[in-house]
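Taking it in order: structure first as structure tokens, then the write-up.
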Amino acid sequence: MIHSLFLINASGDIFLEKHWKSVVSRSVCDYFFEAQERASEAENVPPVIPTPHHYLLSVYRHKIFFVAVIQSEVPPLFVIEFLHRVVDTFQDYFGVCSEVMIKDNVVVVYEVLEEMLDNGFPLATESNILKELIKPPTILRTVVNTITGSTNVGDQLPTGQLSVVPWRRTGVKYTNNEAYFDVIEEIDAIIDKSGSTITAEIQGVIDACVKLTGMPDLTLSFMNPRLLDDVSFHPCVRFKRWESERILSFIPPDGNFRLLSYHVSAQNLVAIPVYVKHNISFRDSSSLGRFEITVGPKQTMGKTVEGVMVTSQMPKGVLNMTLTSSQGTHIFDPVTKLLSWDVGKINPQKLPSLKGSMSLQAGTSKPDENPTINLQFKIQQLAISGLKVNRLDMYGEKYKPFKGIKYMTKAGKFQVRT
């Protein structure tokens, strides 16, 4: 299935390659580089690129392209999901997935990739099983390996590999038994100049941190499970139970894992948590323009909007901006024409505003279109879709665990047109 994997940085350098079957020449990446040149941004490179003898499937994360080479036609999402799993595993092993970190731990990277694929087919993709096979690098272990010439590879097959629940290792013991779940929702929206919503959708995930002794069997139920659309589950979830009762029933992996991801589309009328009042105008005969924006909360159930960041790509004709903000810090880069305003928290009693004037090049006509405003924000303890966990129950073990649910909403691609 997967013949080779190439890791390419933002500059277009192949800094790591791994081959499982035959060695595929680096020249196959020339087709990828051509597609990269044609794409305006890294995110716009096509995920599937056909070549005369191969297919190139890629994902772009942490400023690195992970490019898989396959020779025969396979379901592309199968390969793309595997590549995402590789990135998540590196992040779990090294704390961050970056070019520097991969180069510093190149031996462990090759060992992990060797276990994740067997003759080109996915084998061990669960992080806690991999950690039994290949121990995560530590400074002490690296020093010992350097002196003794030993490796990070364990000398025993993981117990989980032989069980009916291959994602969980056996004999897990904890003094404090706890299970925490984070419901994180990212809202993508485009708002037109009158404040009406053009498109809005929510991408949500439920991340879990489960540290429970033995072999617990958990059930998680929701107040309103019908909200969830286009749901993708961790392999531990019993799908038949979800289909019939809309209840999540599962034996969890040990440690951190993503239980499910879901999508809430515009049909469900997604609530917009913030609004932007704006007055951006350019005069025909004058070399000056007016710039005013105010940000405020809307449908936040009384929760505080924090971490607010406003950015706007100004037209090329704008030479400089003279602005004053009621709170936070702002900066305008006259070279890139990017305005950034770090607002921080929104106080509903005193809404943050940014006002001032713009200087334009003399003699130029006014810009054809007004700039768009991009927002970043987060709201703690709120799931904007209205999703709410009803209860979490545990079976199969006698002890009472600590349980906790946290909610968070944050902005994805949130754009306001002016």
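Counting other C-beta atoms within 10 Å, and keeping those with at most 11, which DSSP coil trypsin sites (Lys or Arg not before Pro) do you find in the range 312-354?
Listed in order of number, the matching sites are Lys316.
Each residue of the range 41-49 was assigned a 3J(HN,Hα) from its phi angle through the Karplus expression (A = 6.51, B = -1.76, C = 1.60, θ = phi - 60°), giving 10, 4, 5, 8, 5, x, x, 10, 10 Hz with x at Gly and Pro.
Here is what passes the span test in the chain: the DSSP H helices with alpha carbon length of 20 Å or more along the helix axis and a Kyte-Doolittle mean of -1.0 or above are 76-94. The distance from the alpha carbon centre of the range 275-346 to that of the range 206-232 is 40 Å, rounded to a whole number. When both the range 6-35 and the range 241-256 are represented by their alpha-carbon centers, they are found 38 Å apart. A simple rule links phi to the HN-Hα coupling: the Karplus curve 6.51 cos²θ - 1.76 cosθ + 1.60 with θ = phi - 60°, which for the range 289-299 gives x, 10, 9, 9, 9, 10, 10, x, x, 7, 6 Hz, with x for Gly and Pro.
Of the peptides 9-16, 125-132, the order by per-residue mean of other Cβ atoms within 10 Å, starting with the highest, comes out as 125-132, 9-16.
Proximity of backbone amide H atoms, modeled 1.01 Å from N, is registered between Asn177 and Phe402 at under 5 Å, excluding neighbours fewer than 5 places apart on the same chain. What is the log10 of I(q)/I(0) for the chain, computed with the Debye formula using one identical point scatterer on each Cα and no solvent, at q = 0.11, 0.12 Å⁻¹? Reported log10 I(q)/I(0), two decimals: -1.05, -1.18.
For the chain, the mean residue ellipticity at 222 nm estimated from helices alone is -5000 deg cm²/dmol, where every DSSP H run of n ≥ 4 contributes -39500 (n - 2.57) and the total is divided by all residues, rounded to the nearest 500. Within the range 351-418, the chymotrypsin sites (Phe, Trp or Tyr not before Pro) that combine a DSSP coil assignment with at most 14 other C-beta atoms in a 10 angstrom radius are Tyr399. Between Ser286 and Thr324, the FRET efficiency from the beta-carbon distance, with R0 = 22 Å, is close to 0.60. Restricting the range 20-80 to GluC sites (Glu not before Pro) that sit in a DSSP loop and have at most 12 other Cβ atoms within 10 Å of their own Cβ leaves Glu41, Glu73.
Read the figures in this text as sums done on the coordinates, not as results from a lab. Predicted model, so just to flag it, every value in this text is computed and none were measured. Cβ coordinates were reconstructed from backbone atoms using ideal geometry, including for glycine residues, and neighbour counts include every protein chain displayed.
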